[in-house]
Amino acid sequence: VQLQASGGGLVQPGGSLKLSCAASGSIFQINDMAWYRQAPGKQRELVASISVGGSTNYADSVKGRFTISRDNAKNTVYLQMSSLKPEDTAVYYCHLDKYSGTRFWGPGTQVTVSS
């Protein structure tokens, strides 16, 4: 499985960005999809996840501001980020796991929130 993310960039505080991540290759039996992030000097953390049925889970720090969604037909997961804060600055990684338990990571996309 290969994951290709897009949509990162520089945005001012209070602004919005939408990340996309498309899976290709052996895209069968995909289970959960998720977004993680890692800020400089910090551990990678879960931002949001979504099950194949659409159930979602969010980190407390992004609840009410970020929305995760997926298009199973396109094997794509999205992260709509609004009301962005400087502390949201990080490299964002998409992630998926299969029913077998195998996990896959995307290469990461930089999100910088700064005036």
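The values are calculated or read from the model by the stated rules, or taken from the named source; none is laboratory data. It should be emphasised that the depicted structure is a prediction, and the values quoted were computed from it without experimental measurement. Methodologically, a virtual Cβ is constructed for each residue, glycine included, from the backbone with ideal geometry; neighbour enumeration extends over all protein chains shown. What goes into the accessible areas is simple: the full protein's heavy atoms, side chains included, and nothing from ligands, DNA or RNA. Shrake-Rupley method; radii C 1.70, N 1.55, O 1.52, S 1.80 Å.
Worth pointing out:
- Estimated inter-spin distance, F28 and R44, nm [label 7 Å along Cα→Cβ]: 2.7 nm
- For the range 1-43, the relative contact order comes to 38 percent (Cα pairs under 8 Å, sequence separation of at least 6).
- On a per residue basis, the chain carries 51 Å² of accessible surface, using protein heavy atoms and a 1.4 Å probe.
- Rounded to the nearest 20, the Cβ-based charge dipole of the range 17-79 about its Cα centre (Lys and Arg +1, Asp and Glu -1) stands at 200 debye.
- Accessible area of the range 1-41 belonging to carbon and sulfur atoms, whole % at 1.4 Å probe: 48 percent
- With a Förster radius of 22 Å applied to the C-beta separation of S83 and N57, the computed FRET efficiency comes to 0.70.
- Estimated dipole of the chain in Debye, rounded to 20 [Cβ of Lys and Arg +1, of Asp and Glu -1, Cα centre]: 40 debye
- Residue-span extension gain [S16 to Q110] - 0.36 nm each, minus C-alpha spacing: 32.4 nm
- The value of relative contact order for the range 36-115, using C-alpha pairs under 8 Å at least six residues apart, is 24 percent.
- Positive-end ranking of S51, S83, G64 along the dipole of the range 50-89, with charges on Cβ about the Cα centre, is headed by S51.
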